[in-house]
Structure formats: C-alpha cells, structure tokens
Amino acid sequence: MKITKAVIPAAGLGTRVLPATKAMPKEMLPIVDKPSIQYIVEEAVNSGITDILIITNRGKGIIEDHFDKTPLLEEALSRSNKMDLLKSIENIHNMANISYIRQIETKGLGHAVSRAKTFVGDEPFVVMYGDDVIIGDVPATKELIDAYGEFGKGVLGVKKVDAKDIYKYSSLQVENIHDNVYKCTDMIEKPQTDNEVMSLYSVQGRCILPPEIFDILENTKPGAGGEIQLTDAMRELATTVGMTAVEYSGNRYDMGNKLGILKASIDVGLKHNEVKDGLKEYIKELAKTL
Ligand code: UTP
C-alpha cells in the first residue's frame with residue numbers, strides 16, 4: 001500500500017532549550033534561514049507524502065501561520081522586485097495538505113500520536129518527530145518507505161548512539177537482514193541498567209506504523225518519565241508481528257538540544273550558497289584561537 005500520510009508530533013514542551021522555547025516552539029527554531037519544521041515537511045514531500053497532520057498545543061499557532069499563505073508579504077516582495085525572496089516563500093503554503101490537531105495535555109509521544117487516529121484511518125503512516133531534522137542526499141522517510149515496500153511491516157528509522165548516551169534513548173534488539181536493514185524483535189525505552197541495553201541502535205526521529213498501533217496505544221500505560229511512550233506501543237508490534245529497522249543515511253540533528261541546534265546551523269551554513277564562504281573563513285579564524 002502506498003504511504004501518503006505523515007504525522008508530525010510537535011506538542012512537546014521543549015524544556016531542554018529554555019528559555020528560547022518559553023514562547024517560541026522549538027520546531028520554529030531556524031537552521032540558517034528556514035524553521036526546522038519546514039525541513040521536516042520538505043523531507044515528507046520529497047518522499048511522496050501528500051497529507052500531513054501536525055500535532056500542536058497551546059502557543060504553537062505560529063507553526064500554522066508559517067504554513068499559511070501570506071498575500072501582503074508576497075505583494076510587497078513582488079512590488080519591490082525581490083523575486084528570489086518571493087520564490088523562497090510562495091510555495092510554503094501548498095507543499096502538502098497540512099492539518100493540525102491539539103494535544104491538550106502533554107502526556108508523551110505515544111499519547112501525541114494517538115491523536116492522529118481519525119486522520120490516519122486504516123493506512124500505514126509515517127511519524128516524523130518534530131524536533132528531529134534529518135539532512136542527507138536521500139530523504140530518510142523515503143528510505144523507510146522503501147523498506148516498508150520490501151517487508152510490509154512497521155519500520156523504525158535508527159542510528160547507533162554512543163554507549164554513554166543509550167540510557168537517554170530507546171535500545172533495540174536487531175539482527176541484520178542486508179546492508180543497512182535489520183529485523184527488530186524487541187525494544188526498551190530509556191534502559192536503566194547495562195543488562196537492559198539490547199544494542200546501541202535506537203529509534204531516531206522517524207518510523208512507519210500500521211494503523212493497529214492506535215488500539216495498542218489505547219492500552220499502553222505510562223512508562224519512562226510517567227509519559228505514554230511510543231516505544232512501549234511499538235514493542236508490542238516488534239515482539240509479535242516483528243518490525244524492520246533501517247539505519248538511514250542522512251545526518252540527524254536534535255533541535256530539542258542546544259548542541260544539536262548549533263551543529264545543524266554550522267553544517268547547513270557550510271553548504272548554503274549565501275553564507276558558506278564567510279562562515280568557512282570565520283570558523284578557520286576561530287579555530288586558531290581554540
Ligand atoms: P521530546 O521528549 O524530545 O520533546 O519528544 P519535549 O517534551 O519537548 O522535550 P523536553 O521538554 O526538552 O525534554 C520528541 C517529540 O515528540 C513531541 C515533541 O514535540 C518532539 O517532537 N511530543 C513529546 C509531543 O508532541 N507530545 C508530548 O507529549 C511529548
């Protein structure tokens with residue numbers, strides 16, 4: 001079945017980047033000249049997604065404004081013949097059919113995804129974590145969709161993390177099938193002890209889920225941190241019907257983390273036509289003083 005729907009949970013509190021996120025959603029923090037959520041929507045569109053549901057909450061209305069049409073601004077840019085700038089904004093509102101729903105209480109990623117039940121209906125769908133920007137030659141979501149086509153099971157976008165960091169993430173039991181594709185048969189969210197660590201592979205920002213996940217989520221009790229964890233619901237799929245894990249090729253930037261934000265700006269800046277030369281010079285000079 002063709003996958004055309006994506007859900008972007010963007011209702012987290014963003015406490016790791018306070019005070020920046022006191023009034024500004026972390027999903028709107030820019031990487032050079034685009035808010036991070038625009039990179040995510042572009043990845044979706046470049047992977048064949050046509051319908052997107054963004055899960056928001058109080059104070060995130062600015063995300064809706066960003067994906068709306070802005071006739072006054074467009075007219076002003078056109079009048080002053082700023083055609084490059086006009087081009088950079090005029091398609092933002094019609095990249096995809098984007099709708100919004102609020103997660104009234106911040107009860108965790110699993111709870112946020114459960115809000116998408118009506119939107120999703122009876123189809124497999126992509127979940128794209130709203131604070132994980134992935135940049136690469138091939139869109140990560142496309143790599144996951146290809147693996148769904150190959151095996152017809154839920155797919156996890158994974159990366160290997162440092163041993164010292166696995167306690168902050170999920171840990172997966174995996175077995176290689178071929179190349180960067182693995183079979184996943186179990187997982188745990190935020191392992192507490194070395195014994196609980198199944199591998200250093202962790203779900204990082206993307207997954208494809210079958211609609212059966214909604215029934216599972218309804219019966220998922222709060223887990224790590226007292227939140228309804230998506231990992232706990234996906235574990236049920238992994239241990240019963242099995243899931244596929246794909247180590248996607250792009251670089252992941254955690255926009256909910258101060259260092260992640262800085263790394264994203266530097267890496268994207270070094271490839272951005274307008275600023276790359278100046279930034280390279282600046283970094284070289286700066287490096288001499290470090
Ligand atoms: P995070 O745990 O990174 O988001 O969730 P957070 O709660 O904003 O992080 P802190 O406060 O800095 O620790 C991963 C993704 O799930 C969304 C977040 O917006 C983020 O995109 N999320 C999380 C929700 O939509 N709702 C929730 O209740 C929790």
Inset, instruction - Only one of these is farther than 20 Å from E105 by Cβ and in contact with a Lys or Arg (Cβ under 6 Å, 6 or more places away or on another chain): I208, I228, I177. Name it. - result: I177
Inset, instruction - State all residues of the stretch 234-264 that are under 17 Å from the mean Cα position of the chain (by Cα), of a type in the set (G, A, S) and more than 14 Å from the ligand (Cβ to nearest atom); if no residue qualifies, say none. - result: A245, S249, G250, A264
Inset, instruction - Give the number of residues within the stretch 31-53 that are under 18 Å from D254 (Cα atoms) and touching a residue at least 60 places away in the same chain (Cβ under 8 Å). - result: 9
Inset, instruction - Output yes when any residue across the stretch 244-266 is closer than 19 Å to M187 by Cα, of a type in the set (K, R) and free of Cβ contacts under 8 Å to residues at least 60 places away in the same chain, and no when none is. - result: no
Legend entry - Selection status of K142, farther than 14 Å from G205 by Cα, open to solvent by 50 Å² or more (accessible area, probe 1.4 Å) and either basic (K, R) or under 17 Å from the mean Cα position of the chain (by Cα) (or both): no
Legend entry - Subset of the stretch 12-49 (residues that are within 22 Å of K87 (Cβ to Cβ), open to solvent by 10 Å² or more (accessible area, probe 1.4 Å) and not in a helix (DSSP H, G or I)): P30, V32, D33, K34, P35
Inset, instruction - Give the residue that is nearest to N97 (Cα to Cα), with candidates limited to residues of the stretch 69-81 that are open to solvent by less than 90 Å² (accessible area, probe 1.4 Å) and in a loop (DSSP other than H, G, I, E, B). - result: T70
Inset, instruction - Grab the strands (runs of 3 or more DSSP E) fully contained in the stretch 82-174, keeping just those with 2 or more residues being more than 16 Å from the ligand (Cβ to nearest atom) and in contact with a strand residue (DSSP E or B) (Cβ under 7 Å, 6 or more places away or on another chain). - result: 155-160
Inset, instruction - Kindly indicate whether A112 is in contact with a Gly (Cβ under 7 Å, 6 or more places away or on another chain), surrounded by 15 or more Cβ atoms within 10 Å (Cβ to Cβ) and not acidic (D, E). - result: no
Inset, instruction - From (1) part of a helix (DSSP H, G or I); (2) surrounded by fewer than 22 Cβ atoms within 10 Å (Cβ to Cβ), pick out the condition that doesn't hold for I3. - result: (1)
Legend entry - Residue check for E218: more than 30 Å from P19 (Cβ to Cβ), in contact (Cβ under 8 Å) with a residue 40 or more places away in the chain, open to solvent by 30 Å² or more (accessible area, probe 1.4 Å) and touching a helix residue (DSSP H, G or I) at 6+ places or on another chain (Cβ under 8 Å): yes
Legend entry - Hey, K276 open to solvent by less than 70 Å² (accessible area, probe 1.4 Å), away from the ligand (no atom under 16 Å from the Cβ) and either farther than 16 Å from G157 by Cβ or touching a residue at least 24 places away in the same chain (Cβ under 8 Å) (or both) or not: yes
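The values are calculated or read from the model by the stated rules, or taken from the named source; none is laboratory data. If you're wondering where the values come from, they're calculated on a predicted model, not measured in any experiment. Note: ideal-geometry Cβ built from the backbone for every residue, glycine included; neighbour counts use all protein chains shown. Surface areas here come from the heavy atoms of the whole protein model, side chains and all, with no ligands, DNA or RNA. Shrake-Rupley method; radii C 1.70, N 1.55, O 1.52, S 1.80 Å.
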